[in-house]
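Asker: To start, I am sharing the structure in question, which I have written as C-alpha cells.
The values are calculated or read from the model by the stated rules, or taken from the named source; none is laboratory data. Keep in mind that this is a model prediction, so the values were computed, not measured. Cβ sites come from the backbone with ideal geometry, for glycine too, and all protein chains shown count toward neighbours. To get the accessible areas, we keep the full protein, side chains included, count just its heavy atoms, and leave off ligands, DNA and RNA. Shrake-Rupley method; radii C 1.70, N 1.55, O 1.52, S 1.80 Å.
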Amino acid sequence: MRDLAERADDFSRAPVAAAVFVLADRGGLDADALANPALVTALASSAIADLTPWVPSPGSARLRAQVLEQVRPLRSLVNAVLADPRNTWWQQPAAGSNQVHLVDQRAAERTPRPDPMHLPTSAGMPGLWNVTYAQRPIDSVLTSTLLPVRDGEVIASGGHGELAYGWDADPIYPVAQTRLKVDSHARVYEITSAVDWHALALTYGDPETHPGPDRSLLNCGGIDHGLAPTWNAVTRDYDGVHLTFAGLLSALFVPVRTGAVSTTLWNWTSECTCWLRTAFTSSTPSAELPTELEAPEMPRLW
C-alpha cells in the first residue's frame, strides 16, 4: 500500500488529477467540497474534456504541462483530499458493486448489440482483437459504478459525467439505463495507476504485432498510445477490467516505459469497467434519460 506522500506525488505528476485540483482552486472549492462524489466526478469529466488530444491552441501537450506546473503550490489541497476518508470510493473495486449501463439511441439501434447478461465467451467473440488505438475491445460492455449520491442527482456515475461533459460524447437521446449487480466473485483487473495499465499491456500485449503510434494522435496530442492488451488473452484470466476513479485521475495521459515498451492510457475517459464476460447477478432497467443532462457548469482550463 502506497503512503500518502507517494500517492500525492503520483497525483501531482498526472495531468488529469492536476487539472482537477487546479480547477477546484480556481472555483474556490476546498477539500470538503471535493468530498462530494457528484461534484468531483463532474469536475473530472469537465477537466478531461478540456485536455482532449484534439484541443486547439494552446494545444493539449502544452495544456498538460501547464497544469502540472500550476498544481505545485496546491500540495496541501492534494494531501487533504487524498487523506479524507470520505474519498475511499475513489479506489472501490468493481466486484460486488452496483453498476449502471448507459445506452443511447444510436447504440440501441446496433444489431447485434452486446447484452450485459449474455456476453459470449472469448472463443465466440470475433471482435475481441487487439484494438490498440481504442484501447478496448469492440464487443465488450462498458459500465460505471453508481456513486453514493442523493436520489435525482444528475451526475450519478462516471458514465453520466461522460454524457454531460465528455469530449467524444454526442449521445442521441433517450438514453436507456440499466442497473447491474456485479457478482462478488467476479474476476476483475483493477487499474488504480498508470503502472497498472502498463502491467496489463505488458502481460497480455503482443509487441510483435504492435502497429506503432497513431500519427494523428501523436501529432495533435503528443500522445503515443503504445502497446495495448490482446483482449482475448485477457479473457482467459479476467471477466472485466476496471479503471477506478483514482486510476482515471492518476493514469490518464501518463506514459510508462519498461525497456523498449511504452504505454499511455488515453481513451478511457471516465471511471468504468470494460466487461469481457458476463459477471452480473441481476439486471434492473431504470427510467430513461429523455433529454440532455442539465449538468452544473464547471470551471474550465481555457
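Asker: What is the distance, in nm, between label points placed 7 Å from the Cα along the Cα-to-Cβ direction at Ser57 and at Ala134?
Answerer: Computed distance between label sites Ser57 and Ala134 equals 3.5 nm.
Asker: If you add up the charges near Ile191, with Lys and Arg at +1 and Asp and Glu at -1, over every other residue whose beta carbon is less than 14 angstrom from its beta carbon, what do you get?
Answerer: Values: positive: Arg136; negative: Asp10, Glu190, Asp196, Glu271.
Value of the local net charge: -3.
Asker: At 0.36 nm per residue, minus the direct Cα-Cα distance, what do Glu69 and Met117 gain on full extension? Give it in nm, one decimal, please. Let's see the in-between values first.
Answerer: Working: separation 48, 0.36 × 48 = 17.28 nm, distance 4.55 nm.
Extra length from Glu69 to Met117 when fully extended: 12.7 nm.
Asker: Note down the net charge around Thr278, summing +1 for each Lys or Arg and -1 for each Asp or Glu among other residues with Cβ under 11 Å from its Cβ.
Answerer: So the environment of Thr278 carries a net charge of -2.
Asker: Please compute the contact order of the chain in relative form: average sequence separation of alpha-carbon pairs under 8 Å and at least six residues apart, divided by the residue count, as a percent.
Answerer: Working: 604 pairs, mean separation 84.4, N = 302.
So the answer I get is 28 percent.
Asker: Another question about this same structure. To the nearest 10 Å², what's Asp183's accessible area with a 1.4 Å probe?
Answerer: Number for this one is 50 Å².
Asker: Another question, then. So what are the three principal axis dimensions of the stretch 4-89 from its Cα atoms, in whole Å, longest to shortest?
Answerer: Projected onto its principal axes, the Cα set of the stretch 4-89 covers 38, 26, 22 Å.
Asker: As a test question: what accessible area, to the nearest 10 Å², does Arg113 have when a 1.4 Å probe is rolled over all protein chains in place?
Answerer: Its heavy atoms expose roughly 110 Å² to the probe.
Asker: OK, next. Assign unit charges at the C-beta atoms only (+1 for Lys and Arg, -1 for Asp and Glu), then state the dipole size of the chain relative to its Cα centre in Debye, rounded to the nearest 20. All intermediate terms of the calculation are to be shown ahead of the outcome.
Answerer: On the way: 22 positive and 33 negative charges, 77 e Å.
Value, rounded to 20: 380 debye.
Asker: Apply the a/c threshold of 1.5 to the C-alpha gyration tensor of the stretch 129-237 and tell me whether it is rounded, prolate or oblate. All intermediate terms of the calculation are to be shown ahead of the outcome.
Answerer: On the way: a/c = 2.22, a/b = 1.42, b/c = 1.57.
Cα axes put the stretch 129-237 in the oblate bin.
Asker: Follow-up question, since we're still on this one. Report the relative contact order of the stretch 1-113, percent, no decimals, based on alpha-carbon pairs under 8 angstrom and at least 6 residues apart.
Answerer: Relative contact order comes out at 36 percent.
Asker: Now, a different point. Given a 1.4 angstrom probe, I'd like the percentage of the accessible area of the chain that is carbon and sulfur, rounded to a whole number.
Answerer: Working: 6840 of 13460 Å².
For the chain, the apolar C and S fraction of the accessible surface comes to 51 percent.
Asker: Okay, next question. Within the stretch 124-226, list the trypsin sites (Lys or Arg not before Pro) lying in a DSSP loop whose Cβ has at most 11 other Cβ atoms in a 10 Å radius. Walk me through the numbers before you get to the answer.
Answerer: Values: sites: Arg150, Arg179, Lys181, Arg187, Arg215; in loops: Arg150, Arg187.
Counting only loop positions with at most 11 other Cβ atoms within 10 Å, the trypsin sites (Lys or Arg not before Pro) in the stretch 124-226 are Arg150.
Asker: Taking K and R as +1 and D and E as -1, what net charge do the other residues with C-beta under 9 Å from the C-beta of Ala176 add up to?
Answerer: Numbers: positive: none; negative: Asp104, Glu288.
With Lys, Arg at +1 and Asp, Glu at -1, the neighbours total -2.
Asker: For the stretch 98-289, what does the alpha-carbon gyration tensor say about shape, rounded, prolate or oblate, given a ≥ b ≥ c as the root eigenvalues, a/c under 1.5 as rounded, and a/b over b/c as prolate? Intermediate values should be presented prior to the final figure.
Answerer: On the way: a/c = 1.66, a/b = 1.41, b/c = 1.18.
The shape class here is prolate.
Asker: Keeping all protein chains in place, calculate the accessible area per residue for the stretch 144-288 (probe 1.4 angstrom), answer in Å².
Answerer: On the way: 5870 Å² over 145 residues.
Per residue, the stretch 144-288 has an accessible area of 40 Å².
Asker: Quick check: with the 1.4 Å probe, what order do Arg257, Arg300, Arg277 take by accessible area, largest first?
Answerer: Working: Arg257 150, Arg300 125, Arg277 60 Å².
Order by accessible area, largest first: Arg257, Arg300, Arg277.
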